[in-house]
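Structure first, then comments.
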Amino acid sequence: MPIESIPKFTPPAAKLWDAIPTDTRKRLLSNVWCGKCRHDVTITNFSGAVKGGDLLLVGKCAECRGDLARLIESKGSTGGSAGG
């Protein structure tokens, strides 16, 4: 997996990212849905920030270069309810 730029993380995001095992990080980066390509792709040129206690990666699709985002829920996150 080529890395086009060094990821930029806020300090809290870097702490969350560093807590994720390397093999899991690779899977997360290579399994991001692209609405334009309509399948899973690899996120490139990404940055990370914490939003609502979760890690948000924002970057580009490796195939079409479109904008992508990947939300990685933290262990303490309760998430939303699917019922309604």
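The values are calculated or read from the model by the stated rules, or taken from the named source; none is laboratory data. Fair warning: this is a prediction, and the values are worked out from it, not measured in the lab. Cβ placement follows ideal geometry from the backbone for every residue including glycine, while neighbour counts extend to all protein chains displayed.
For a quick check of your reading of the model, give me the residue pairs whose first member lies in region 54-77 and is closer than 15 Å to Asn31 by Cα, whose second is of a type in the set (Ser, Thr, Tyr) and part of a loop (DSSP other than H, G, I, E, B), with beta-carbon atoms closer than 9 Å and at least 6 apart or on different chains.
Within 9 Å, the pairs are Cys61/Thr42; Ala62/Ser30; Ala62/Thr42; Glu63/Thr42.
Looking at (1) more than 13 Å from Phe9 (Cβ to Cβ); (2) in contact (Cβ under 8 Å) with a residue 12 or more places away in the chain; (3) in contact with a strand residue (DSSP E or B) (Cβ under 7 Å, 6 or more places away or on another chain), find the lone condition where Asn31 falls short.
Answer for Asn31: the failing condition is (2).
For region 9-64, what are the residues that are closer than 22 Å to Lys75 by Cβ and among the aromatic types (Phe, Trp, Tyr)?
Passing the criteria: Phe9, Trp17, Phe46.
This table checks each residue for (1) farther than 13 Å from Ala69 by Cβ; (2) in contact with a Gly (Cβ under 7 Å, 6 or more places away or on another chain); (3) modelled with pLDDT of 95 or more; (4) among the aromatic types (Phe, Trp, Tyr).
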{"residue": "Ser5", "(1), (2), (3), (4)": "yes, no, no, no"}
{"residue": "Pro21", "(1), (2), (3), (4)": "yes, no, yes, no"}
{"residue": "Arg25", "(1), (2), (3), (4)": "yes, no, yes, no"}
{"residue": "Leu29", "(1), (2), (3), (4)": "no, no, yes, no"}
{"residue": "Gly35", "(1), (2), (3), (4)": "no, no, yes, no"}
{"residue": "Asp40", "(1), (2), (3), (4)": "yes, no, yes, no"}
{"residue": "Ile43", "(1), (2), (3), (4)": "no, yes, yes, no"}
{"residue": "Phe46", "(1), (2), (3), (4)": "no, yes, yes, yes"}
{"residue": "Lys51", "(1), (2), (3), (4)": "no, no, yes, no"}
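Check off (1) part of a strand (DSSP E or B); (2) touching a helix residue (DSSP H, G or I) at 6+ places or on another chain (Cβ under 8 Å) for Trp17 and give me the number that stays unchecked.
(1)
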